[in-house]
Every structure is written in C-alpha cells, then in structure tokens.
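No value in this document is a laboratory result; all are computed from the given coordinates. The structure displayed is predicted, hence computed values, not measured ones. Here Cβ is always computed from backbone atoms with ideal geometry, including for glycine, and neighbour counts include all displayed protein chains.
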Amino acid sequence: MPKFIYIIFGLMTCFWSAFAQEWKAPEEEKENVSIRLFDNEIETEGGVLFMNSCKSCHGSPTQEDFSLMLPSPGDLASAKVQNQTDGELFYKIRAGKGAMPKFGDALDQNEIWSLIAYVRSFNESYKQPEPNLEGVVIPNITLNLSFDDNVDKLVVKTLDENGNPMPDVTVKAFVKGHFGNYLLGKSRCNELGIAYFDIDSKMPGDEEGNMDIIVKASKGFGSAKVTQKMRVVDAVSFKSAIEGRHLWSVSKRAPYWLIVTFLSSLIGIWGTIIYVIVGLPKIKKQS
C-alpha cells in the first residue's frame, strides 16, 4: 500500500479522534451556580440572547432543527445537555471550544446565567440549586439617570452604598416599547462610574417627548435595575390618520346640498332595513 495512504489514514484517525473526545468541564467549575433566581424575567432575557447568538447553530429547543455540523451542536433541550450541571453549561458557554464561540468575551456573567435559565425552562424536572453565599461579597449598586440635551445622550451614573462612583460596571439601556424592549446599547462605566448611550431624537415618544427608559447594571454578583420615564426625544402631536378626510371633520365647509343628500340617503337606507325587519313576521305568516 502506498505510503501516502497511510498518511491520509493517520490524519483522518486523528481528526475523528479529536471530535470524538467528550467535552468535559473542569471539576472546580461543575458546582458553580447562579445566585439569581431563574424567574420569568431572566428566562425572557435569555430567550432574546438565545435568538441572537445561539439559534443559528442549536436551532429551537425541542425541535431538533440544529445545524448539521461536526461535532453536532445538538438540541439544548436534549437529555445530554440537561443532565449537565449549571456550572458545566456556564463554563462551556463562557470558554467555548472549536466551532462553539467563546461567549465570555461578549457576555457578562448575568447574561450567561440568563441563557442557562432559558435552556432550563425546557426541562420540567429541573430544580435550581441554592447557592452558598458564605464569603461572597454582593456589591450594592445605585443607578442615577439623566439626559444631556446638548449631545442627545442618556447618562447613567453608578454609585456604591456610600454614594461614591462605582467604575467598571456593565450597563445595558433599553427603551420600553409596545412589542418589547428596544436595546439602546451595552457599555461599561468609566473610572467616574458613568456610561453614555446615544438616543435618536426621532424615536417615537409621547406628546411631551417622554419615553420609558430601562437600565440594568451588573458587577460581579451584584445587579440593579431601574425604570424611569424621561423626556429624551422631541414632543410630537398625534393626529388621526383620517383627520380631514371624512365628512364630519369638514362639515363646516361642506355645501348644504351635500349634507342633505347624505343624511337623506342614510335615513332611506335605515328606513328600508327597518321596514324589511318589521315585515318579516307577516311574510312568514303568509307563507
């Protein structure tokens, strides 16, 4: 047998062996658990992240419509995934491997936990483990919101329990809409504990230019959320789409003959309908 065939066979064996190896998380990572309760809000947040970052490969949980890749990304609602601990899932999402991206560079801890909360929502037998908070420091974060009219920016200040600026806090800002929350952006506070977000003055607000602003912040195991109605866009005047287009809106300018004709026609139509309804019993009796 030619030598190059042995070489190809050896390379193929190494290739398949590499993909056949089971992906295991380090032992010290397996017992890692979230201190946040996996409630409906965090599951919803995780669902949005899943749609944006995970669905293209893993498909919709329980549908087994994942991409045909090697190794297979698999359905995240499967027993193979659900039998792993929260710590294992957290590690794999954060660290990545091969075709699995390293999401630790793009997502903070709370976002990764929200993804796990969403994945666990497809496991009816799952029970969230209670965290051991002994020795864990949970920072107390206070959020102050303001709007700078000069540059059209939302200004978020993060403070600690003593009212001092808290730097290096991950902050996300949203605008509350009718069909969900619109993400304004994600930022990290500077050394003064301040983060800025651009706001388009053409975004639709109410008649006074107010919008419901939602800001979420996290640092380590600490998190905070605030919702505030703020005047951040230009005031708008809402008008009916048919204003000035129907008869009643311009009745003062309409000629009298048109008004009389319209009302006469309306009376005639309703009179005919009433006459028919009243005459139905007689018709039925005669037949």
Take the cross-link list LYS127/LYS157; LYS24/LYS219; LYS102/LYS216; LYS97/LYS225; LYS55/LYS229 and give me the ones stretching past 30 Å between alpha-carbons. LYS127/LYS157; LYS97/LYS225; LYS55/LYS229
For LYS202, list the aspartates and glutamates whose Cα falls under 16 Å from its own Cα; do not include residues on the same chain fewer than 8 positions away. ASP148, ASP149, ASP152, ASP212, ASP234
If you take the square roots of the eigenvalues of the alpha-carbon gyration tensor of the range 23-120 and sort them as a ≥ b ≥ c, do you get rounded (a/c under 1.5), prolate (a/b over b/c) or oblate? rounded
Sorted peptide list for 78-85, 183-190, criterion being average Cβ within 10 angstrom, highest first: 183-190, 78-85
Could you go through the range 255-264 in sequence order and give the Karplus-derived ³J(HN,Hα) for each residue, using 6.51 cos²θ - 1.76 cosθ + 1.60 with θ = phi - 60°, rounded to whole Hz, and x for Gly and Pro? x, 4, 4, 6, 5, 5, 4, 5, 5, 5
Once you put a point 7 Å from the Cα of SER78 and another 7 Å from the Cα of ASN164, both along the Cβ direction, what distance in nm separates them? 5.1
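What is the ratio of the Cα radius of gyration of the range 142-231 to 2.2 N^0.38 Å, where N is its residue count, to two decimals? Provide the component values of the computation, followed by the final result.
On the way: Rg = 13.0 Å, N = 90, 2.2 N^0.38 = 12.2 Å.
Scaled against compact globular proteins, the figure is 1.07.
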With 0.36 nm assigned to each residue of separation and the Cα-Cα distance removed, ASP65 to ILE267 gains 66.6 nm
Inter-centroid distance (Cα atoms) of the range 39-88 relative to the range 119-149, Å: 20
By how many degrees, between 0 and 90 and to the nearest 10, does the Cα long axis of helix 109-120 differ from the longest principal axis of the chain? 80
